[in-house]
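See below for the structure under consideration.
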Amino acid sequence: MENKGISKAVIKRLPRYYRYLGELMNEGVERISSHDLSERMHVTASQIRQDLNHFGGFGQQGYGYNVAYLYEEIAKILGIDQKHNIIIIGAGNLGQAIANYTNFEKRGFIIKGMFDVNPRLVGMTIRGIPVYALEELEEIIRREEVQIAALTIPKMRAEEVAEKLVAYGIRAIWNFAHTDLHLPDDVVVENVHLSESLMRLSYKLVHMDSVSGEMLL
């Protein structure tokens, strides 16, 4: 999508549109104008129209957006209308928290296994998800046709394990390790640095007046 000139900011807002549209469907709303959607999301109506126009618009003047249709179309854009097999590297507290989050299945992300070097964890199941030894990584990735790996291990091992994942066929890494990975350009990496997120929250708190508009976006 970025190759077509779509900014990261637009892509970042798409899951938020998807979430709000899902809430509207649960409320029984069949159609909504960009103005009404903007009031719910605290994003300007013109921003909504600009964002959606990158993908075809989807709305009709005087009618607005068909909520169910737009929900399905954004799911296709995000790729969550199809199944994605995922594994979790690291079966500690964070890895287990991710495994226990049932909404992933609803979004098409199927957790096929967890991996750890701790012999006390290997052989356990977390919400029915088996914990394997790291030595079984290649076999499980190939057998289960896994595309995505969540990395929840200490940063000193993250680069080494990430390189193995790529060698075994992983195409995307959800990186919770507190380090930046240096991987081939054709590997997608989404970094989730929890402490950095908390520091951004702190910044916004102490500079509340100057960033109040930004916080809504």
Number of Lys pairs in the chain with C-alpha atoms less than 16 angstrom apart, excluding same-chain neighbours closer than eight positions? 6
Once you place label points 7 Å from the Cα toward the Cβ at Arg120 and Glu23, how far apart are they in nm? 4.1
For the chain, the longest principal axis of the Cα atoms and the Cα long axis of helix 194-206 enclose an angle in degrees, to the nearest 10, of 40
Provide the per-residue ³J(HN,Hα) series for the stretch 146-163, in order, calculated from phi with Karplus coefficients 6.51, -1.76, 1.60 and θ = phi - 60°, each as a whole number of Hz, with x at glycine and proline positions. 7, 10, 10, 10, 9, 9, 10, 10, x, 5, 5, 10, 4, 5, 4, 5, 4, 5
For the stretch 64-72, 3J(HN,Hα) per residue [Karplus equation, 6.51 cos²θ - 1.76 cosθ + 1.60, θ = phi - 60°, Hz, x = Gly/Pro]: x, 10, 6, 4, 5, 5, 5, 4, 5
Tell me, what HN-Hα J-couplings in whole Hz come from the Karplus equation 6.51 cos²θ - 1.76 cosθ + 1.60 at θ = phi - 60° for each residue of the stretch 85-96, using x for Gly and Pro? 7, 9, 10, 10, 9, x, 9, x, 4, 5, x, 5
With contacts defined as alpha carbon pairs under 8 Å and 6 or more residues apart, what's the relative contact order of the chain in percent? 14
Spelling it out for His84: with amide H atoms placed in the peptide plane at 1.01 Å from N, the residues 5 or more places away or on another chain with amide H under 5 Å from its amide H are Phe109, Ile110
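Values in this text are rule-based calculations from the coordinates and carry no lab data. These numbers were taken from a predicted model, which means no experiment stands behind them. Note that we place each Cβ from the backbone using ideal geometry, even for glycine, and neighbour counts take in every protein chain shown.
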